[in-house]
1. Is it the case, given these coordinates, that Ser75 is open to solvent by less than 20 Å² (accessible area, probe 1.4 Å), within 24 Å of Arg154 (Cα to Cα) and among the small types (Gly, Ala, Ser)?
2. Can you report the number of residues in the range 17-58 which are in a helix (DSSP H, G or I), open to solvent by less than 80 Å² (accessible area, probe 1.4 Å) and over 23 Å from Lys109 (Cβ atoms)?
3. Looking at the range 62-74, is at least one residue part of a helix (DSSP H, G or I), farther than 15 Å from Phe127 by Cβ, within 12 Å of the chain's Cα centre (by Cα) and not charged (D, E, K, R)?
4. Residues to consider are Arg65, Arg104, Arg70, Arg117; find the one that is under 30 Å from Thr30 (Cα atoms), open to solvent by 30 Å² or more (accessible area, probe 1.4 Å) and touching a strand residue (DSSP E or B) at 6+ places or on another chain (Cβ under 9 Å).
5. Go through the residues of the range 64-86 one by one and say whether even a single one is out of contact with any helix residue (DSSP H, G or I) (no Cβ under 8 Å at 6 or more places or on another chain) and over 20 Å from Ala129 (Cα atoms).
6. Return yes or no: is Leu142 part of a helix (DSSP H, G or I) and farther than 30 Å from Phe31 by Cα?
Amino acid sequence: MLAYERMERLLSSRLTYFYKRVFPIVWILTFSAGTLFLWIYNYEGTSSFKWFVLVCLLGGSIFLRWFSVRLKVVSLQGEQIVVSDYRSKETIPIRQIEEVTETRIWNPKLIKLRLNRPGRWGDEIVFIAPIRFQFIFSNHPLVKELRHIIQTTRQGF
């Protein structure tokens, strides 16, 4: 094994921590404060709007929780990927990756690795792609690279 193959290369965005930990907390606290303000100060004509904002707060909080829990930090090290949720790590051989997909109309762009055997976090690893300027319907360069790595690993080159 060559020296560069032992080195760990970060594949996921450096903003993962922000999207996983900081953004959901800031959004929920800010939206909660606005909702509380609407409910405490009872202005005329806001009764139906208060309920709408409360439902948006609950729905948005549930969505952000679901979204942020799924995000992982992914690195490439030789013929395996190292996946972390900031608490624990798992090493997955590249041969276990069945498919690489990405979101098209979503910001930040998400990359999904579907595994042929479930690991610690199930059969799908989701991470934020490094930010690149690209057209909406074009493939992220990292997706192309991962597909190529998987193909060459399966062929044994």
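The values are calculated or read from the model by the stated rules, or taken from the named source; none is laboratory data. This structure is a prediction, so every number in the text was calculated from the model and none was measured. Cβ: placed from backbone, ideal geometry, glycine included. Neighbour counts: every protein chain shown. For the accessible areas, the whole protein counts, side chains as well, though only heavy atoms, and no ligand, DNA or RNA atoms are used. Shrake-Rupley method; radii C 1.70, N 1.55, O 1.52, S 1.80 Å.
1. Considered against the rule, which asks whether it is open to solvent by less than 20 Å² (accessible area, probe 1.4 Å), within 24 Å of Arg154 (Cα to Cα) and among the small types (Gly, Ala, Ser), Ser75 comes out as yes.
2. 13
3. yes
4. That would be Arg70, the only listed residue that is under 30 Å from Thr30 (Cα atoms), open to solvent by 30 Å² or more (accessible area, probe 1.4 Å) and touching a strand residue (DSSP E or B) at 6+ places or on another chain (Cβ under 9 Å).
5. No, there is no match, as no residue in the range 64-86 is out of contact with any helix residue (DSSP H, G or I) (no Cβ under 8 Å at 6 or more places or on another chain) and over 20 Å from Ala129 (Cα atoms).
6. Yes.
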